[in-house]
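Have a look at the structure below, then the notes.
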Amino acid sequence: MTIPKLYNLPTVNQSALMTIAEGDFIPFDIQRVYWITSNIQDQIRGEHAHKSCQQLLSCLSGKLKITMEDIQGKKYHFELSQPNEMVLIPSQYWCKIEYNKDAIVLVMASQGYDAKDYIREYNTFKSQTTS
């Protein structure tokens with residue numbers, strides 16, 4: 001089972017250039033990339049799990065506090081405030097993200113958008129059994 005993990009991207013010549021290429025540490029093929037901007041106030045987002053989609057999040061500006069929980073109740077906490085930090089959100093983890101008002105977030109996902117992949121109710125998530 002994949003678990004949440006923090007990655008620190010190397011920078012080129014100690015500059016602000018960071019790259020990700022096929023064959024790097026990413027544990028999936030990237031099928032979708034999107035970003036979230038224009039948070040006009042601190043807010044909580046996420047509060048769902050994915051059945052099969054995995055994601056990598058990077059906070060390009062601002063700050064995020066991320067809490068993930070597996071079906072057994074084990075929690076993982078991360079704080080992203082540097083653009084070279086990325087966190088892996090595996091499938092089957094309930095995820096809550098606290099955004100500061102100026103956060104700009106880049107997300108790379110293992111599959112395209114599919115509303116059926118979302119588990120939006122916490123009790124439904126917790127009632128799943130592991131096989």
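With a threshold of 20 Å on the Cα-Cα distance, the over-threshold entries among K51/K101; K74/K126; K101/K126; K51/K75 are K51/K101; K101/K126.
Peptide packing for 109-121, 62-74 was compared via the average number of neighbouring C-beta atoms within 10 Å per residue; ordered from the highest value, the list is 62-74, 109-121. Taken over the C-alpha atoms, region 36-79 has Rg and Dmax values of 12.1, 35 angstrom. Counting neighbouring Cβ atoms within 10 Å and putting the fewest first, the residues S58, S81, S91 line up as S81, S91, S58.
Available extension along the chain between R45 and R32 is 2.8 nm, counting 0.36 nm per residue and deducting the alpha carbon span. Among the listed values (i) 11.2; (ii) 10.0; (iii) 8.4, the one computed from these coordinates for mean projected area of the Cα convex hull in nm² is (iii).
None of the figures in this text is laboratory data; all of them are computed from the coordinates on show. Model, not experiment: these values are computed from the prediction. Please note: Cβ atoms are built from the backbone with ideal geometry, for glycine as well, and neighbour counts cover all protein chains shown.
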